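Okay, structure first, notes after.
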Amino acid sequence: MSTKVAVVTGSNKGIGLAIVRALCKQFNGDVYVTSRDVGRGEEAVKTLNSEGLKPKFHQLDINDLNSIKNAAAYFKGKYDGVDILINNAGIAFKVSDTTPFGVQAEVTLRTNFFATRDVLTHFLPLVKAGGRVVNVSSMLSASGLKQCSPELQQHFRSEDITEDELVALMQRFVDEAKKGEHKQGGWPDMSYAVSKIGVTVLSMIHARRLSKERPKDGILINACCPGWVRTEIAAPGAPKSPDEGAITPVYLALLAPGATEPHGKYVSDKEVQPW
Ligand code: NAP
């Protein structure tokens, strides 16, 4: 039988590194640290080596389409696809950051939503039967949803929303934020939350598509919140360690063979949450 493989984006530090650590212990296959910076990625591999773990490494900058295509071609060539994909890479401006809101909106959505979508566009066709895809979203996607206008909430909860419609809505947020009109447009005043609404809804759209187009393959895709975790994104006072933050993403990545759910859900603390 061919070697199984798990790929974790943005895994040179924080929750991503902790996910790789847990998968190295629990997953029977090759586990890849991926990082936009080769040096930082190799340092992360050394850290895990010093713990007796043996992850592999591949460069992957999710903001660089060529990097995504190169990585996808590598995993297709070496493993004929991937078994586990965890989209963990993400960014957040500090609350104290004075960068204009419109710029924060554009930069945050570019990585957290549009680049994550690019990874999915190129990697989802490579996910093998029985595969697991986990998109690291945030509890702020759920709280941000409640602060959207009724019209937007309806779109984001719709069972029929298409990927193109979601992309257009995310772009509308960026455009309105740049003009200072996002509040009139019905959006919350939080770019990060909007970017993660996009990640959660995209996971639901892809789940419906996989069920329709590859019903026999048993691939499960979900969005999750890792909790509030002590990393560079969050304040030092956050209650969870990175290893604790990895628990729910790893649970979803290792859902037992033959499992049919959760699929297309938003999951936190290993429980499906209302959306
Ligand atoms: P972190 O320590 O800042 O780690 C973020 C990771 O993403 C880093 O490895 C970073 O790489 C990588 N990254 C950023 N842009 C990238 C790009 N263009 N290409 C590839 N990698 C990129 O933060 P974290 O808390 O572990 O965050 C991991 C995920 O959890 C994020 O999606 C975040 O939104 C989500 N999350 C975190 C919390 C929390 O409380 N910490 C709560 C909810 C959700 P560099 O080192 O090169 O910057």
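Please treat every number below as a calculation from the coordinates, not as lab data. If you're wondering where the values come from, they're calculated on a predicted model, not measured in any experiment. Every residue, glycine as well, gets a Cβ built from its backbone with ideal geometry; the counts of neighbours run over all protein chains shown.
Rank Ala177, Ala253, Gly237 by how far each Cα sits towards the positive end of the charge dipole of the chain (+1 on Lys, Arg Cβ; -1 on Asp, Glu Cβ) and give me just the farthest.
It is Ala253, whose Cα lies furthest towards the positive end.
Specify which residue in the list Phe75, Val119, Val45 is farthest towards the positive end of the charge dipole of region 35-163, using unit charges on the beta carbon of Lys, Arg (+1) and Asp, Glu (-1), about the Cα centre.
Among Phe75, Val119, Val45, the one farthest towards the positive end of the dipole of region 35-163 is Val45.
What are the equivalent ellipsoid semi-axes of region 116-186, built from the alpha-carbon gyration tensor (square roots of five times its eigenvalues), in whole angstrom, biggest first?
Gyration-tensor ellipsoid for region 116-186: 27, 14, 12 Å.
Which of the peptides 130-139, 170-179, 73-82 is most tightly packed, and how do the rest follow, judged by the mean count of other Cβ atoms within 10 Å per residue?
130-139, 170-179, 73-82
Provide the net charge surrounding Arg208, with neighbours chosen by a C-beta distance below 15 Å and charges set as Lys +1, Arg +1, Asp -1, Glu -1.
Counting the neighbours of Arg208, the net charge comes to -3.
Just to confirm my numbers, what's the Cα centroid distance between region 156-191 and region 223-244 in Å?
Value for the Cα centre distance between the two parts: 26 Å.
Treating region 87-227 as a set of equal point scatterers at the Cα positions, no solvent, please give the Debye-formula log₁₀ I(q)/I(0) at q = 0.10, 0.15, 0.20 Å⁻¹.
Taken in order of the listed q values, log10 I(q)/I(0) reads -0.32, -0.71, -1.20.
Taking Cα atoms, how many degrees apart are the long axis of helix 191-213 and the longest axis of the chain, rounded to 10 and kept between 0 and 90?
The angle comes out near 60 degrees.
So how strong a dipole does the chain carry about its Cα centre when Lys and Arg Cβ are +1 and Asp and Glu Cβ are -1, to the nearest 20 debye?
Roughly 540 debye for the chain.
Cβ under 13 Å from Phe27's Cβ, Phe27 left aside: what net charge do those residues give with Lys, Arg +1 and Asp, Glu -1?
Charge balance near Phe27 sits at +4.
So if I place +1 on the C-beta of Lys and Arg and -1 on the C-beta of Asp and Glu, and nothing else carries charge, what would the dipole magnitude of region 192-265 be about its Cα centre? I want it in debye, nearest 20.
Taking the Cα centre of region 192-265 as origin, the dipole is about 320 debye.
How would you order 29-37, 6-14 from highest to lowest mean count of nearby Cβ atoms within 10 Å?
Top of the packing list down: 6-14, 29-37.
Do the sum for the chain: with -39,500 (n - 2.57) for every DSSP H run of n ≥ 4, divided by all residues, what is the mean residue ellipticity at 222 nm, to the nearest 500 deg cm²/dmol?
-14000 deg cm²/dmol
Between Asn28 and Ser50, take the C-beta separation as r, use R0 = 35 Å, and let me know the FRET efficiency to the nearest 0.05.
The pair Asn28/Ser50 has a calculated efficiency of 0.95.
Taking the chain on its own, what percent of its Cα-Cα pair distances exceed 34 Å?
Of all Cα-Cα pairs in the chain, 14 percent lie more than 34 Å apart.
Among Asn63, Phe27, Ser137, flag the residue with its Cα farthest along the positive direction of the charge dipole of the chain, charges on Cβ as +1 for Lys/Arg and -1 for Asp/Glu.
Ranked along the dipole, the leading option is Phe27.
Considering the Cα positions of region 144-275, please state its Rg to one decimal place and its Dmax as a whole number of Å.
Over region 144-275's Cα set, Rg and Dmax evaluate to 16.3, 49 Å.
With each pseudo-label sitting 7 Å past Cα toward Cβ, what's the Gln171-Asn63 distance in nm, one decimal?
Reported label-point gap for Gln171 and Asn63 is 2.0 nm.
Using the per-residue mean of other Cβ atoms lying within 10 Å as a proxy for protection, in what order, highest first, do the peptides 83-92, 208-217 fall?
Peptide ranking by packing, descending: 83-92, 208-217.
Going out from 0 in 10 Å bins, what whole percent of all Cα-Cα distances in region 1-134 drops into each bin?
13, 42, 32, 11, 2, 0
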